[in-house]
Amino acid sequence: MSEALSTRHLLGIDDLSAADIELIFRTADGFKEVLSRPIKKVPSLRDTTIANIFFENSTRTRISFELAEKRLSADVVNFSSGTSSTKKGETLVDTVNNILAMKVDMVVMRHADPGAGVFLSRHVDASIVNAGDGTHEHPTQALLDAYSIREKLGRVKGVKVAIVGDILHSRVALSNILCLRKLGAEVTLCGPATLMPRHARDLGVHVSHDLDETLRWCDVANMLRIQLERQGGDGITNFPSLREYAMLFGLDRKRYEAIGKEITIMHPGPINRGVEITSDVADGAHSIILDQVENGVAVRMAVLFLLAGGPGRSARS
Ligand code: CP
């Protein structure tokens with residue numbers, strides 16, 4: 001069995017085969033055990049320097065990557081576009097090449113433009129990890145989501161997963177669809193027609209506009225954030241009102257109890273409490289939202305370790 005990834009970058013889930021994803025999960029299992037020890041650290045990347053460059057806001061992803069890097073003993077530098085020379089007109093390629101000139105080996109990047117990571121990977125000599133590029137992909141979120149399903153249900157193959165809400169603007173949705181389909185899960189997208197990509201079915205998923213029916217069908221419901229910042233602007237949304245959205249597509253305790261069976265509840269965060277999900281469900285017994293966040297560190301450790309060469313590193317160095 002190969003212990004190396006088939007890719008040098010992680011730009012999207014399409015970079016990964018099902019075998020790559022299984023390798024990431026097995027490697028994350030080992031790192032999860034490390035994270036349960038009193039000393040949550042291994043020397044695996046002590047010869048590696050990683051730059052986290054974030055051109056968009058982030059709480060979970062940024063902290064999770066930084067913790068993953070530090071748990072692997074990498075040297076870490078953090079870059080925020082708001083306080084950098086990009087404000088003086090420097091291009092993305094110049095910015096990153098200047099960072100790389102200081103002997104950085106790997107770049108983790110979040111950017112508002114879809115394809116920013118792909119562009120960068122063609123112009124700079126370092127492994128690039130996409131930490132979310134506009135409405136395109138968020139591959140490590142999908143990996144940690146699928147890993148959390150595997151942990152909770154013991155498998156991903158054959159599991160029925162509903163992805164609910166603002167599919168149109170969601171990089172989490174696209175990465176989740178690609179990852180779950182590669183691993184053999186069945187996926188239904190559920191949301192208003194105005195938040196559903198026109199060719200969604202071409203991705204091998206079911207499409208529904210009826211949340212109650214979808215919840216009765218699924219084993220897992222991943223409730224996405226309504227991304228008002230990506231909608232029309234000036235308060236213009238793709239639906240009449242948040243109140244109507246919550247009534248038709250929000251998950252509350254009454255709706256959960258009406259399903260008549262137990263399902264697992266997920267959310268990638270940040271949560272709009274009372275819109276896509278109410279607090280009693282988000283914080284309830286069937287929610288694995290904080291498990292997703294916890295697993296994110298182990299999964300990102302696995303991604304960084306494997307992109308840096310994995311177990312073959314010591315033999316090569
Ligand atoms: N899930 C996620 O990407 O959260 P952040 O935007 O806080 O990183």
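The values are calculated or read from the model by the stated rules, or taken from the named source; none is laboratory data. No experiment lies behind these values; they were computed from the predicted model shown. Methodologically, a virtual Cβ is constructed for each residue, glycine included, from the backbone with ideal geometry; neighbour enumeration extends over all protein chains shown. Please note that ligands, DNA and RNA were not included when accessible areas were found on the heavy atoms of the full protein model with its side chains. Shrake-Rupley method; radii C 1.70, N 1.55, O 1.52, S 1.80 Å.
Amide H contacts of Ser287 (H built 1.01 Å from N, in plane; Pro and chain starts excluded): Ile265 sit under 5 Å, all sequence-distant by 5 or more or on other chains. For region 137-228, dividing the convex hull volume of the Cα atoms by the residue count gives 84 Å³ per residue. Think of a 1.4 Å ball rolled over the protein heavy atoms: region 115-247 then has 40 Å² of accessible area per residue.
The figure for Leu144 is an accessible area of roughly 10 square angstrom, using a 1.4 Å probe on the protein chains alone. Going by a ≥ b ≥ c, the root eigenvalues of the Cα gyration tensor, does region 190-230 fall in the rounded group (a/c under 1.5), the prolate group (a/b larger than b/c) or the oblate group? Judged from the Cα gyration tensor, region 190-230 comes out oblate (a/c at least 1.5, b/c at or above a/b).
Shape descriptor for region 139-291: Rg over Rh equals 0.93 (Cα atoms; Rh from the Kirkwood inverse mean 1/r).
Note on Arg122 and Thr194: the extension gain reaches 22.4 nm, defined as 0.36 nm multiplied by sequence separation minus the Cα-Cα distance. Mean projected area of the convex hull spanned by the Cα atoms of the chain, taken over all viewing directions: 16.8 nm².
Taken along the Cα-to-beta-carbon direction at a fixed 7 Å, the label points for Thr237 and Ser73 span 5.0 nm.
Between Val93 and Glu294, the FRET efficiency from the beta-carbon distance, with R0 = 41 Å, is close to 0.70. As a length-normalised measure over Cα pairs under 8 Å and 6 or more apart, the relative contact order of the chain settles at 20 percent. For the options Leu195, Leu153, Leu251, a Gaussian network treatment of the chain with springs between C-alpha atoms closer than 10 Å singles out Leu153 as fluctuating the most. A Förster radius of 45 Å, combined with the Cβ-Cβ distance separating Glu22 from Ser85, puts the computed FRET efficiency at roughly 0.60. Considering only alpha-carbon pairs that sit under 8 angstrom and 6 or more positions apart, the relative contact order computed for region 152-227 is 44 percent.
Our helix-only sum for the chain, with -39,500 (n - 2.57) per DSSP H run of n ≥ 4 divided by its residues, gives a mean residue ellipticity at 222 nm of -11000 deg cm²/dmol. Ligands, DNA and RNA left out, the 1.4 Å accessible surface of region 139-291 is 50% carbon and sulfur atoms.
Separation of the alpha carbons by more than 20 angstrom is noted, of Lys152/Lys261; Lys40/Lys70; Lys41/Lys157, for Lys41/Lys157. If you build a Gaussian network model of the chain, linking Cα atoms that sit under 10 Å apart, which residue out of Asp125, Asp202, Asp133 swings the most? Looking only at Asp125, Asp202, Asp133, the largest GNM fluctuation is found for Asp202. Of the candidates Ile226, Ile39, Ile24, which one comes out as most mobile in a Gaussian network treatment of the chain with C-alpha springs shorter than 10 Å? With Cα springs under 10 Å in the chain, the top fluctuation among Ile226, Ile39, Ile24 is at Ile39.
Want the number for Arg201 to Arg155: 0.36 nm per residue separation, take away the alpha-carbon distance, what's left?
Length difference between fully extended and current span is 14.2 nm.
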